[in-house]
Amino acid sequence: QVHLIESGGGLVQPGDSLRLSCVASGRAFYHLSMGWFRQAPGKEREFVAAITMSGASTYYGDDVKDRFTISRDHDKNTVYLQMNSLQVANTAVYYCAGRYQGIGHVADSYNYWGRGALVPVSS
């Protein structure tokens, strides 16, 4: 069993940057490809970014690929999401997820989920 805990959420203004972290328990972290998803109020959960088990490859949703960066640190069992130039439309609960398959963007294919970190973007 793998437990994922997100941190780093909080209120920011448009144009600000924020980094989310997700710490994974257990030894399985290296064997998981990791992803970030988000769910805005009244909307379905959507893919944000993903990273391979090794960290060598990344994949982004069209809305964020020029502003967000996903990375991982195996020594710390942690995956990060660096978010730059945040917009009001980016307001959402951001979820960290892990799966034993290769990199992917389909939420239902992920085996483990965190509880989410709220990121409100407002002036």
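The values are calculated or read from the model by the stated rules, or taken from the named source; none is laboratory data. The model shown is predicted, which means the values in this text are computed figures rather than measured ones. These accessible areas exclude ligands, DNA and RNA; they are computed on the full protein's heavy atoms, side chains included. Shrake-Rupley method; radii C 1.70, N 1.55, O 1.52, S 1.80 Å.
Annotations
- When the inverse distances between all different Cα atoms of the stretch 23-86 are averaged and flipped, the Kirkwood radius reads 12.5 angstrom.
- The stretch 1-103, accessible surface, carbon-and-sulfur percent (1.4 angstrom probe): 47 percent
- Span per principal axis, largest first, for the Cα atoms of the stretch 50-96 (Å): 34, 18, 15
- Whole-Hz ³J(HN,Hα) from phi, Karplus 6.51 cos²θ - 1.76 cosθ + 1.60, for the stretch 20-25, glycine and proline x: 8, 10, 9, 9, 10, 7
- Only Cα pairs under 8 Å and 6+ residues apart enter the sum, and on that basis the relative contact order of the chain stands at 36 percent.
- Scattering curve values for the chain, log₁₀ I(q)/I(0), Debye with Cα scatterers, q = 0.16, 0.19 Å⁻¹: -0.67, -0.96
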